[in-house]
Structure formats: structure tokens, C-alpha cells
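Visitor: Quick one: the structure is below, and I'll ask about it shortly.
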Amino acid sequence: MKPKALKLTLTALFAVVIAVCSMLSIPAAVPFTLQTFGIFLAMFVLGGKYGTLSVAVYVCLGLVGLPVFHNFTAGIGVLMSGTGGYIIGFVLSGIVYMLITKIFGNKNSAKLTAAFTGLILCYITGTLWFVFTASQGNGFVPALLTCVVPYIIPDTLKILLAFFIAKRTAKLAR
């Protein structure tokens, strides 16, 4: 298989990995899922360009009606709900990851910085979205306490796990 065809095949495969990681969830204001793990595994293995493309494919699959979002949900209604900003934030995370690794290279420190910067951007985007769509006027700080604080440690662990797994499997993607 030609290298570009392999990259595109892996991009599609990682869109499915993200979908599987998203489907199993623990209910909360923002459901606990393994999305962050799947998204950053795609970034670490495929790189910024194809990793971001896999996230975009995942989002498009959900928008056209395939039940790939948390709890097997789909459609524009999920994107317009309180958690939709986090889905948009995942795409922005990929773009940030791509830009940072393009500027600073593929050193481990650049990859981890890019991932955590992307996660922070996702938190900001998602929380602002949540405030304007689902918080019933409670404000930004209560939304942070509900939608971000409980996820910081689990998301940090998911990113680190994805990084270490990617280090072991990245040779397969080349």
C-alpha cells in the first residue's frame, strides 16, 4: 500500500477508534468518556494533519446521523446541546496540535505541550458553549467546576496513556 493510502486508511481507522471511545460513557453534565484518549492517540500516532483529519471525520460521521457521540447519540442536536462545544473543541485541539508540532517539531516535549494546549482550548471552548447553552445562567465559574475540574486528572492520564501507547505503535503508521 502506498504511504498516502496507508495514512488515509489509518485516518479512517482512528475515526472509528474515537467513535468507540466516545460511545461508552458515564453520565454527568459532560459525560465521562474515553474520547480524549482516542483523539490524542490519533494525534500522537498519525501526527497533526492526519490526526486532525480523523477527528474531523469522526465529527462528520456524528453530524450525518451515525451514533458515534457519547451514549450512541448523533446529529446536529448533539452539537447544539451543552456538550457540543467540547466536540468542536476536539477539532480545535487537533488544529492546535498540528500547528505546535509543525512549529516546534515532533519532539516528545512539543507533542505533549501541543496535546495539553489543545486540551485547555477544548476546555475553554466547551465550557463557554456550555455556559451559553445549558448552564441556566449559572456563569463561567460554576460551569468550570462542573465541566472541567472533575476531568483534569482523568484527561491528563488519558493523554499520557495515549502518548505511551503511541510511542510503542507509531512505527506501524509510518
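Visitor: Touching a helix residue (DSSP H, G or I) at 6+ places or on another chain (Cβ under 8 Å) and at positive phi: does that describe G75?
Guide: Here the answer is yes, as G75 does meet what is asked.
Visitor: Still on this structure, please answer the following. Within region 56-90, how many residues are part of a helix (DSSP H, G or I), free of Cβ contacts under 8 Å to residues at least 40 places away in the same chain and more than 27 Å from F163 (Cβ to Cβ)?
Guide: Total satisfying the criteria: 5.
Visitor: Would you call S109 hydroxyl-bearing (S, T, Y) and farther than 22 Å from G47 by Cβ?
Guide: Criteria not met by S109.
Visitor: What tally of residues in region 1-55 results from selecting those that are part of a loop (DSSP other than H, G, I, E, B), without any contact (Cβ under 8 Å) to a residue 60 or more places away in the chain and among the aliphatic types (A, V, I, L, M)?
Guide: Of the residues in that region, 2 qualify.
Visitor: Something else now. When you look at K107, is it at pLDDT 95 or above, crowded, with 22+ Cβ neighbours inside 10 Å and charged (D, E, K, R), yes or no?
Guide: So K107 does not fit the description; no.
Visitor: So, F163, is that one buried (at least 17 other Cβ atoms within 10 Å of the Cβ), closer than 20 Å to L46 by Cα and touching a Cys at 6+ places or on another chain (Cβ under 9 Å) or not?
Guide: Judged against the criteria, F163 is not a match.
Visitor: Where residues in region 110-144 are of a type in the set (G, A, S) and over 24 Å from G48 (Cβ atoms), which of them is surrounded by the most Cβ atoms within 10 Å (Cβ to Cβ)?
Guide: Here the residue is A143.
Visitor: Output the residue which, of all residues in region 123-146 that are of a type outside the set (S, T, Y) and in contact (Cβ under 8 Å) with a residue 40 or more places away in the chain, is farthest from H70 (Cα to Cα).
Guide: L128
Visitor: If only one of S25, S81 is at pLDDT below 95, out of contact with any His (no Cβ under 9 Å at 6 or more places or on another chain) and within 23 Å of S135 (Cβ to Cβ), which one is it?
Guide: Going through S25, S81 in turn, just one is at pLDDT below 95, out of contact with any His (no Cβ under 9 Å at 6 or more places or on another chain) and within 23 Å of S135 (Cβ to Cβ): S81.
The values are calculated or read from the model by the stated rules, or taken from the named source; none is laboratory data. Since we're looking at a predicted model, the values are computed, not measured. Heads up, the Cβs are rebuilt from the backbone with ideal geometry, glycines too, and the neighbour counts pull from every protein chain shown.
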